[in-house]
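Report on the structure given below.
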Amino acid sequence: GLWKTYSRLDGLAHDQVYAIHETKDGVLWLGTSGGGVSRWDGRRFVNYTSADGLASDWIGDKALCEDAHGAVWIGTTKGVSRWEPSAGQGGRFTTFTTNDGLADNVIHAICQDQAATLWFGTAGGLSHWDGKRFTTYTMAHGLPHDEVFDVLPARDGSLWVAAAGGAARLP
């Protein structure tokens, strides 16, 4: 009885929530299965879908991340969208796909390492964004499989990857 449950009746975009991320300013982003993303400011939900510029309404399990500049990256089944906040509650989406150098449009996970580099685990390899372009790593570069499910920047500065064929570490 101590839990407060939120659903569509409360304004949530969809009842199946696959990812949650809290930004530095305390705003929660909730990625859903088919409903887009919901932004919770502590009082109400604001929902964003492909009609608002989001790449897809299907969000990956670990595919929400805030970068060092305050932009929120949202991994979908059709690429990754970057929400760039503007004055007030507004903002806009910019979407990146394989046409921009991303390994695959299906995004499973997003994280940022200690050097503020963003990493994207995709269905077709691991990509990183240096602020200007993507670089992609696959089995040809030593990954155990091209399907990357999770990425973890470890405290020792290394990067761990969870893939369909095992785990890999970049020292």
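With a 1.4 Å probe and all protein chains kept in place, how do R169, R133 rank by accessible area, largest first?
Details: R169 115, R133 145 Å².
If we order R169, R133 from most to least accessible, we get R133, R169.
Remind me, relative contact order of the stretch 92-147 in percent, using alpha carbon pairs under 8 angstrom and six or more residues apart? Please list the in-between numbers first.
Numbers: 100 pairs, mean separation 15.3, N = 56.
It comes to 27 percent, rounded to a whole number.
Rolling a 1.4 angstrom probe over the protein chains, ignoring ligands and nucleic acids, what is the accessible area of D15 in square angstrom, nearest 10?
Roll a 1.4 Å probe over it and D15 shows about 90 Å².
Distance from the Cα centre of the stretch 55-73 to that of the stretch 79-152, in angstrom?
9
Rounded, prolate or oblate: pick one for the stretch 111-171, where a ≥ b ≥ c are the square roots of the eigenvalues of its C-alpha gyration tensor, a/c under 1.5 means rounded, and failing that, prolate if a/b is larger than b/c, else oblate. Working shown, then result.
Numbers: a/c = 1.92, a/b = 1.23, b/c = 1.56.
Note, shape of the stretch 111-171 comes out oblate.
Would you work out if the stretch 1-82 is rounded, prolate or oblate? Take a ≥ b ≥ c from the square roots of the eigenvalues of the alpha-carbon gyration tensor; rounded if a/c is under 1.5, else prolate when a/b is larger than b/c, oblate otherwise.
Working: a/c = 1.76, a/b = 1.24, b/c = 1.42.
In terms of gyration-tensor shape, oblate.
When only the heavy atoms of the protein chains count and the probe is 1.4 Å, how do F120, F96 rank by accessible area, highest first?
Values: F120 0, F96 20 Å².
I get F96, F120, largest accessible area first.
Which whole number of Å³ per residue matches the convex hull of the alpha-carbon atoms in the chain?
On the way: hull volume 22.2 nm³, N = 171.
In the chain, the Cα convex hull volume per residue is 130 Å³.
I need the calculated FRET efficiency for the pair D61 and S86, taking r as the beta carbon distance and R₀ as 35 Å, to the nearest 0.05. Could you put the intermediate results ahead of the total?
Details: r = 29 Å, r/R0 = 0.82.
Efficiency computed from Cβ-Cβ geometry: 0.75.
Could you give the alpha-carbon Rg of the stretch 60-112 over 2.2 N^0.38 Å, rounded to two decimals?
Numbers: Rg = 11.1 Å, N = 53, 2.2 N^0.38 = 9.9 Å.
Relative to the rule-of-thumb radius for its length, the stretch 60-112 sits at 1.12.
Starting from the residue with the highest accessible area, list Y137, Y48 in decreasing order, probe 1.4 Å.
On the way: Y137 70, Y48 25 Å².
Result, largest first: Y137, Y48.
Spin-label point model (7 Å from Cα, Cβ direction): what's the I20 to R44 distance in nm?
The two pseudo-label positions are separated by 2.2 nm.
Which FRET efficiency value, to the nearest 0.05, is calculated for D156 and A68 with the Förster distance at 22 angstrom and r the Cβ-Cβ distance? Working shown, then result.
Working: r = 20 Å, r/R0 = 0.92.
After rounding to 0.05, the efficiency reads 0.60.
So, taking all protein chains as they sit and a 1.4 Å probe, how much accessible area belongs to L30, in Å² rounded to tens?
The value for L30 is about 20 Å².
The values are calculated or read from the model by the stated rules, or taken from the named source; none is laboratory data. Small disclaimer: the values here were computed from a predicted structure and weren't measured. Note that we place each Cβ from the backbone using ideal geometry, even for glycine, and neighbour counts take in every protein chain shown. Heavy atoms of the whole protein, side chains included, go into the accessibility calculation; ligands, DNA and RNA do not. Shrake-Rupley method; radii C 1.70, N 1.55, O 1.52, S 1.80 Å.
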